[in-house]
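The values are calculated or read from the model by the stated rules, or taken from the named source; none is laboratory data. Because the structure is a prediction, the values reported are computed rather than measured. Note: ideal-geometry Cβ built from the backbone for every residue, glycine included; neighbour counts use all protein chains shown.
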Amino acid sequence: MKIIVAIKQVPERDAQVRINRAGKWIEESDVQFAMNESDAYALEEALQLKEKHGGEVIVLSAGPERAGTTIREALAKGADRGVHIEAADLHQCDALGAAQLLAAAVKRESPDLVLTGLQSDDLGYGQTGVIIAEVLGLPHASLILHVEKTDTGLTVKRELEEGWFQTIDLPLPAVLMIQSGGTKLRYATLMGIKKAKTKELRKLNASELGQSNPPAAVLEKVTLPHKQKSTQIIPGSAKEAAATLVEKLKFEVRVI
């Protein structure tokens, strides 16, 4: 199987971010970057499929020059080669623009399977993989926890709501959006890190891919979440107050 995994470099989850002077993005010099979490699970799923059935795993990423370090990380974990679409202003692209860039690069490779993460940890659109599939005219499914290759295509396990799951069959080629937590992530070995330095990493730019349309949606302003404290007195008996408190913790605070 020839598998393409689309990965994104995002700020680390515990990074302390500041808004830049323009107010349209974060101050990137202040933060460390890492591979998007659900993309890491997509990569792991691809590597396991390769180990079972053979083939090739290609990592594809769009972003500024620093995104190359995340591609090399994927190569160190076992991917065979990488493709880097150089786009210093990727955060200014909407989901459609980013997906069109990735889809144009995917089309050149004609893969059997395309895997993406469910959504990015920074912008969180959750649309890129679906749009890639629509642009390429391929069947797709999201919230995937596990993938099995069959004689006729794929059988995938999808996560639904409240502990329910769905198993569906798909033909190949296809696009899948992988959910986090479906498997255990591997670490790059020392040998893998050494090999990654010699693996192919091809660089492309948007003009080569013929994608220069203005975004349909524009990010006008970025703000930090507004923090506030409040106190509520819950009336009623102890039993009534406890029931109301549980409802608030479930549906307002969402901690239980």
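A few comments on the model shown:
- Close pairs (6 angstrom Cβ cut-off, 6 or more residues apart or separate chains): of a type in the set (Val, Ile, Thr) in region 180-203, modelled with pLDDT of 90 or more and not in a loop (DSSP other than H, G, I, E, B) anywhere: Thr183/Glu44; Ile193/Ala76
- Only listed residue being at pLDDT 80 or above, farther than 27 Å from Leu43 by Cβ and out of contact with any Leu (no Cβ under 8 Å at 6 or more places or on another chain), chosen from Thr231, Thr189: Thr231
- Some residue of region 20-35 being under 16 Å from Glu200 (Cα atoms), assigned to a strand (DSSP E or B) and modelled with pLDDT under 95: no
- Take the conditions (1) part of a strand (DSSP E or B); (2) surrounded by 14 or more Cβ atoms within 10 Å (Cβ to Cβ); Gly182 misses just one of them, which is (1).
- If the condition is being touching a residue at least 40 places away in the same chain (Cβ under 8 Å) and either closer than 16 Å to Lys107 by Cβ or in contact with a Pro (Cβ under 6 Å, 6 or more places away or on another chain) (or both), then region 166-177 contributes Leu172, Pro173, Ala174, Val175.
- With respect to the stated conditions, Ala79 fails to be part of a helix (DSSP H, G or I) and either within 16 Å of the chain's Cα centre (by Cα) or touching a residue at least 24 places away in the same chain (Cβ under 8 Å) (or both).
- For region 212-251, taking the residues that are of a type in the set (D, E, K, R) and assigned to a loop (DSSP other than H, G, I, E, B), the one that is surrounded by the most Cβ atoms within 10 Å (Cβ to Cβ) is identified as Lys221.
- Taking region 109-154 as the range and being assigned to a strand (DSSP E or B), within 18 Å of Leu47 (Cβ to Cβ) and touching a residue at least 24 places away in the same chain (Cβ under 8 Å) as the test, the residues that pass are Leu113, Val114, Leu115, Thr116, Gly117, Ile144, Leu145, His146, Val147, Lys149, Leu154.
- Applying the condition of being without any contact (Cβ under 8 Å) to a residue 24 or more places away in the chain and acidic (Asp, Glu) to region 1-50 and asking which residue is surrounded by the fewest Cβ atoms within 10 Å (Cβ to Cβ) yields Asp14.
- For region 151-165, filtered to residues that are loosely packed, with under 14 Cβ neighbours inside 10 Å and farther than 23 Å from Val106 by Cα, the residue that is modelled with the lowest pLDDT is Glu162.
- Flag if Gly163 is more than 24 Å from Lys195 (Cα to Cα), of a type in the set (Gly, Ala, Ser), free of Cβ contacts under 8 Å to residues at least 60 places away in the same chain and out of contact with any Leu (no Cβ under 9 Å at 6 or more places or on another chain): yes
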